[in-house]
Every structure is written in structure tokens, then in C-alpha cells.
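To start, the structure under review is shown below, and the notes come after it.
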Amino acid sequence: MNAKPIVAGMVVALIACGVVVRGVRAQGGAAASTPKKAEEQFKNIQTLKGIPADQVIPSMQFITASLGVECDFCHVQGAFDKDDKKPKQTARKMMEMMFAINKENFEGHREVTCYSCHRGNAKPVAIPVVMNEEPREAMGAPKKAEVETKESSGPDGEALLDKYLQAVGGAAAVDKVSSRVMKGTIDVGGKAIPIDIYSKDSDKRISFTHMPEGDSVTAFDGHEGWMGSAGHPMREMHGGDVEGAAIDADLHLAAHLKSMFSELKVHGTKKVGDSEAYLVVGEREGKTPIELYFDTQTGLLARMVRYGETALGRMPVQIDYADYRAVNEVKIPYRWTLARPSGRFTIQASDVQQNVPVDDAKFAKPAAPPEPAKGSAK
């Protein structure tokens, strides 16, 4: 098997804020004033009728992550609306069962998901697995015991955000940053691949991963996000992917954090690598919470965990920041590792320049390909 296409696919899927389910793609451009429902945009929608169309792909992503499978486990490639495969019928029944369990036992709150039973396996594991390695720290929400750590034992959330802003250089220095150009490598599956990242005007960002067969691109222009790779059409981001891309693109994030949250709670300290960090959970009106981990000594952001909402459950994305260096009086991480249920990658910057000219044309969205026939999902 040729490894190059596999690595290319991993890069395109991973750099974006969510793994793209191959072969199933929402259609159209920017969101309309009245969002379409799933059944209005895709063929043969049954169990997921009524959900927003832009949650169909994230929901399929949630299934692939929960069961450790790919699209063709349930779908006929090139004909996603067909019901020829038994696993697709089973999946519908399992989703209906999950919805019923939550409705009848948890007052409609989503407590049970696909992952509750499958844990990354196509078949639920009924017998406890014998531990064959040291316990690994799970990604995502803190355990109950950690949450119950005395919240009064350290500084409050606003104080930690203030300390972080000062640690990176202060509001005045952060606000002066108008552009950033980074060159380095991205490590995916042990392969170091050159990458260039351009940011501008605090909300535009585009990356070019230089694969042997051509560039893989991930972009956000302040409103929309998209991805593309050599030999493949552009693919738009949807739902939580766009929101995550907006956060990554924000050159002034340290100064904007306070305004993002309606409430901040400190849940004691937790290990991030070899250091201790304060865990701050930021609640947002009508959106999923964000977890921020601030180094207890330096005040710098060591980790962020955010969640993409789907009809079936939340998809976590964890980003660890390291190797902070000062560039034009502002400290930025030269290394960050992004991890999600499907995989992880690390970007290491080798050269960073700020406040240099970056042409607006670099962030221009490519023309969309001709609209295909309607897609489909479960």
C-alpha cells in the first residue's frame, strides 16, 4: 500500500478542527438565514430527521471515532443513500436506542452516547480488558474527584486570564500584532513535513502543508473555513470546525478570552506534561465550554480542550502549547500538539515573523466545484 496518500489524507483531516468524513459533504456556501434540516439537504435521512444539516457530518464523525471505523463500514462508497449494508441498519437502531435511553432515564439529557459502550470498537466490549500498560490520562473533562478540588485554593478565573495576558506581553503588545508568518514542520505518524502558516488582521489564517504530491491547505478567512489537497476538490468546514478555526486564527486571543465567557470556574490544579496547571472552565452562552490550563509558575496557557457539538455527542479537541518564545515583545508557542479521538499531530515552528506584509489574496476562498447530486447519511 502506498503510504503517501494515507499521510496526505491524515494531514488534511487533522489540521482542520475536525476530521472530515470522506465522501459525505454538505453542499452550498455560507449558511442561509434559515438553516436547512438534515432531510432537506441529504437523501434517505431517517433517524436524524430534524437536526441541522451542518450537524450531519459531525455526527458521522462522532460515530467513526466511537466505533473506530471508516465511512464504508456502514455506507456504500459513491452511493451513501443506499441501505445495502447491514451495519447501516444496525446503526439506525442503535441511535434510536440511545435516544430512548436518554429520554426515559435521564430526562432527555444526553448522558449515554455511542462511545459509552463502544469505546473505539465496532462491537461493544462486554468483558473488562486486562490492563497491559500503565494507565494513561484520558483527554477531555476532568474526573469528578478533580472537579471537587477546592476552588478557593487558588486564584480566581479572571485573575488567571489577566496573568496569562501579562505573561505573553500585555494587552498593548498583543494588540500591535497585525500579522504572523510561521515556517516549520508538522509531524504526522512520525513523518516531518514542511508547513507554512500565515495569519492576519487577528482573524484570518491559512496553512500550507507541502506534501510530495502537492500542498494540503486549511484556511479560515474570518467568516468561513475550508480545506483542500492536491487532486481533490475544496471541502468546506461546518459547525464546531468553523468555531475552532476562528479561535486558532485569533492573533489577539489572549486579550479576547475574557469576553468569550459568561462564567469562569477554577477546578484546582492538574498535571500538564511535567508541570502543574490551574484548570479554568469557561462557560459560554449557547455553546460548549472550553477548558484552559494555565501553568502555575509562568501563567502561560499550557493546554486548551474544546468540544464540537453533534447530534450524538461532543467531540473533544485537545491542544498542548509549549516552547514559548518572545517575538516582537509577545510570547507565542513555537510548538503545539493537537489531539482528538482519531489521531494527533505536532507542529514545530522554526522561524516566526510578525507585522510583515501578507497579501489579502492569500486568504481568498477558491471557487466551489459544480454542485454534485445530494449526498446522504444515516
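The values are calculated or read from the model by the stated rules, or taken from the named source; none is laboratory data. Just so we're clear, the structure is a prediction, and the values are computed from it rather than from any experiment. Backbone-built Cβ (ideal geometry, glycine too); neighbour counts: all protein chains shown.
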Do the conditions hold for V317, that is, is it in contact (Cβ under 8 Å) with a residue 12 or more places away in the chain, within 29 Å of R119 (Cβ to Cβ), in a strand (DSSP E or B) and not assigned by TED's automatic domain parsing to the domain that holds C114? yes
Candidates A159, A145, A172, filtered to the one that is at pLDDT below 95 and out of contact with any strand residue (DSSP E or B) (no Cβ under 6 Å at 6 or more places or on another chain): A145
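Considering each of K103, K49 in turn, give the residue that is under 14 Å from L312 (Cα atoms), in contact with a helix residue (DSSP H, G or I) (Cβ under 7 Å, 6 or more places away or on another chain) and surrounded by fewer than 20 Cβ atoms within 10 Å (Cβ to Cβ).
When all the criteria are applied, what remains is K49.
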For the subset of region 197-219 comprising residues that are under 18 Å from D187 (Cα atoms) and out of contact with any helix residue (DSSP H, G or I) (no Cβ under 7 Å at 6 or more places or on another chain), which member is surrounded by the most Cβ atoms within 10 Å (Cβ to Cβ)? I197
Would you say G222 is in contact with a helix residue (DSSP H, G or I) (Cβ under 9 Å, 6 or more places away or on another chain) and at positive phi? yes
Residue in region 263-281 that is in the same structural domain as G154 (by TED's automatic domain parsing), among the polar types (S, T, N, Q) and out of contact with any helix residue (DSSP H, G or I) (no Cβ under 6 Å at 6 or more places or on another chain) present: yes
For region 335-359 the number of residues that are crowded, with 17+ Cβ neighbours inside 10 Å and not in a strand (DSSP E or B) is 2
Odd one out for K287 among (1) in contact with a Leu (Cβ under 9 Å, 6 or more places away or on another chain); (2) closer than 22 Å to L161 by Cα: (1)
Of (1) within 20 Å of the chain's Cα centre (by Cα); (2) among the basic types (K, R); (3) surrounded by fewer than 21 Cβ atoms within 10 Å (Cβ to Cβ), K258 fails just (1)
Restricting attention to region 52-88, the residues that are over 18 Å from S116 (Cα atoms) and either surrounded by fewer than 18 Cβ atoms within 10 Å (Cβ to Cβ) or under 20 Å from the mean Cα position of the chain (by Cα) (or both) number exactly 21
In region 152-185, residue nearest to Y321 (Cα to Cα) [restricted to those that are over 24 Å from the mean Cα position of the chain (by Cα) and among the basic types (K, R)]: K163
